[in-house]
Amino acid sequence: MAAGKTVVVLGGGVGGLTAANTLRELLGPEHRIILVERRPGHLFAPSLLWLMVGDRRREQLTRDLAGMLRRGVELVQAEVAAIDPERRIVVAGDRELAYDALVVALGAELAPAAMPGYTDIAHNFFDLDGAARLADALAAFPGGRVVVAVSALPYKCPAAPYEAALLIEAALRRRGVRDRSEVAVFTPEPQPMPVAGPVLGGAVTQLLADRRIALHTSRPLATIDAARRELVFGDGTREPFDLLAAVPPHRAPEVVRRSPLANESGWIPVDPRTLRTRYADTYAIGDVTTITLANGKPLPRAGVFAHGEAIAVAHQIASSLGSGKPRTFDGKGYCWVELGGGRAAFAEGDFYATPAPAIRLRTPNVMWHVGKVLFERSWMGRGLERIIATAALRSGAKAMRIEAPL
């Protein structure tokens, strides 16, 4: 492509924000970088679980999106109404935006109404309002059966339901009602985080067992009976609850499902290394994509992958415009598993390894929790605060490379 081109980025989450800022850093001012996002604020989703148990306030999880963009990135606050990769046009609100390169980072859409009974009684801790309401419910909870349920597959952040159960259990202990409470997890998956293999799944299972959290696997949910406060499973069996925290169904955004980019399931298939779609100069990153790994399972939907994919795509686009060398995405990722009480475990590895992902779980300790706090501050902070916090996180990670006995 020649000079003076336009790159449009759809979505202001982790992937879209990173892609737009990296492109602006790599490209000269003759090139336009346009970010389209319907919401004015950026949500730091990893901290929703802390909000859920009262360890954060709502205002700590959001920042003005415009203030997080590099100077020279144009922000269009509008709903994406249509994507036409053949004509290279995006409709955003009442505007048509022509592009030379496109990055689709619209994420996954939460669809709680797709599970019958969900909106009547379940607490949605994947949502800012839902996590805040769950914090209020837990603060007033007198004791009873708390259930964390995965309502459908796929969902983003594979550790989230298990981390939620661990944090809820710790919150109940903190309030002195654990001895008259039960915590249980129900999932359609055969084990926790099955994409990472049986060893990691077994390690997470043990973390739950150590805290007397009952894990029920291979239990696909059919409906929620709000009147009777029961989960109803596909085989007709029922399980009672007093308080329900549930992962809502996820789906690709409607504008993506209607576009020629999507496959039959509604997600966008991409090349695992380049993130290219079947259309020239059109890329997709993050939760809106589908990538099949060597073990036949999909790459998890998580912010760490959206971030890495965004950097790779930005370098590929910049290289095509004569700035630097192209990069590819290596499939490496990590996540924290918060246990409560100021302790966390840390999982990391190569999801593109063959014949299966190679993932390690680091021993739970205080330093991994501190690492996540620093990561939160580095992402939401500004200037020198971000640099200092990121450096501290890297130093802490090097110092704490102690592997769990798996």
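The values are calculated or read from the model by the stated rules, or taken from the named source; none is laboratory data. A quick note: this is a predicted structure, and the numbers were derived from the prediction, not measured. Methodologically, a virtual Cβ is constructed for each residue, glycine included, from the backbone with ideal geometry; neighbour enumeration extends over all protein chains shown. The protein model used for the area step is the full one, side chains on, heavy atoms only, and it has no ligands, DNA or RNA in it. Shrake-Rupley method; radii C 1.70, N 1.55, O 1.52, S 1.80 Å.
Quick one: pull the percentage of alpha-carbon pairs in segment 300-361 with a separation above 18 Å. Taking all Cα-Cα pairs of segment 300-361, the fraction more than 18 Å apart is 50 percent. Principal-axis analysis of the Cα atoms of the chain puts helix 383-399 at an angle of about 60° to the longest axis. Amide H to amide H, with H built 1.01 Å from N, Arg343 comes under 5 Å of no residue 5 or more places away or on another chain.
Do the alpha carbons of any pairs in Lys5/Lys325; Lys156/Lys332; Lys332/Lys372; Lys156/Lys325 sit beyond 21 Å of each other, and which pairs?
Details: Lys5/Lys325 18 Å; Lys156/Lys332 16 Å; Lys332/Lys372 18 Å; Lys156/Lys325 31 Å.
Among Lys5/Lys325; Lys156/Lys332; Lys332/Lys372; Lys156/Lys325, the Cα-Cα distance tops 21 Å for Lys156/Lys325.
Over segment 126-188, what portion of Cα pair distances is larger than 17 Å, expressed as a whole percent? Intermediate results must be reported in sequence, preceding the final value.
Numbers: 797 of 1953 pairs.
Here the tail beyond 17 Å accounts for 41 percent of pairs.
A DSSP coil position with no more than 14 other Cβ atoms inside 10 Å describes the following trypsin sites (Lys or Arg not before Pro) in segment 238-283: Arg258, Arg278. In loop segments of segment 1-109 as defined by DSSP, the GluC sites (Glu not before Pro) with at most 14 further C-beta atoms inside 10 Å of their C-beta are Glu30, Glu79, Glu86. Viscosity 1.567 mPa s, temperature 4 °C: Stokes-Einstein D of segment 1-47 from its Kirkwood Cα radius, in µm² per second? Translational D for this selection: 112 µm²/s.
Give the value in nm², to one decimal: projected area of the alpha carbon convex hull of segment 239-326, averaged over all directions.
Values: hull surface 33.7 nm².
For the Cα atoms of segment 239-326, the hull's average projected area reads 8.4 nm².
Based on the reciprocal of the average 1/r between different C-alpha atoms, the Kirkwood radius for segment 74-121 equals 13.2 Å.
Write out the trypsin sites (Lys or Arg not before Pro) in segment 3-66 meeting two conditions: DSSP loop, and at most 12 other Cβ atoms within 10 Å of their Cβ. Please report the intermediate quantities before stating the final value.
On the way: sites: Lys5, Arg24, Arg32, Arg38, Arg56, Arg57, Arg58, Arg63; in loops: Lys5, Arg38, Arg56, Arg57.
Listed in order of number, the matching sites are Arg57.
Our summary of shape: the Cα atoms of segment 114-153 have principal axis extents of 30, 23, 17 Å, ordered from largest down, in whole angstrom. Its Cα gyration tensor gives the chain an equivalent ellipsoid. The semi-axes, each the square root of 5 times an eigenvalue, are 36, 24, 20 Å from largest down.
Look at the dipole of the chain built from charges on Cβ: of Pro198, Trp368, Ala318, the Cα furthest out on the positive end belongs to Trp368.
Here the Kirkwood formula puts the hydrodynamic radius of segment 1-158 at 17.9 Å, using every distinct Cα pair. Solvent-accessible area per residue in the chain equals 42 Å², computed with a 1.4 angstrom probe and all protein chains kept. Out of the total accessible area of the chain (probe 1.4 Å, heavy atoms of protein only), what percent is carbon and sulfur? Carbon plus sulfur share of accessible area: 51 percent. Charges were assigned to the Cβ only: +1 to each Lys and Arg, -1 to each Asp and Glu. The resulting dipole of segment 19-67 about its Cα centre is roughly 180 debye.
Roughly what percent of Cα-Cα pairs across segment 138-229 reach past 22 Å?
Numbers: 1203 of 4186 pairs.
Within segment 138-229, distances greater than 22 Å cover 29 percent of Cα pairs.
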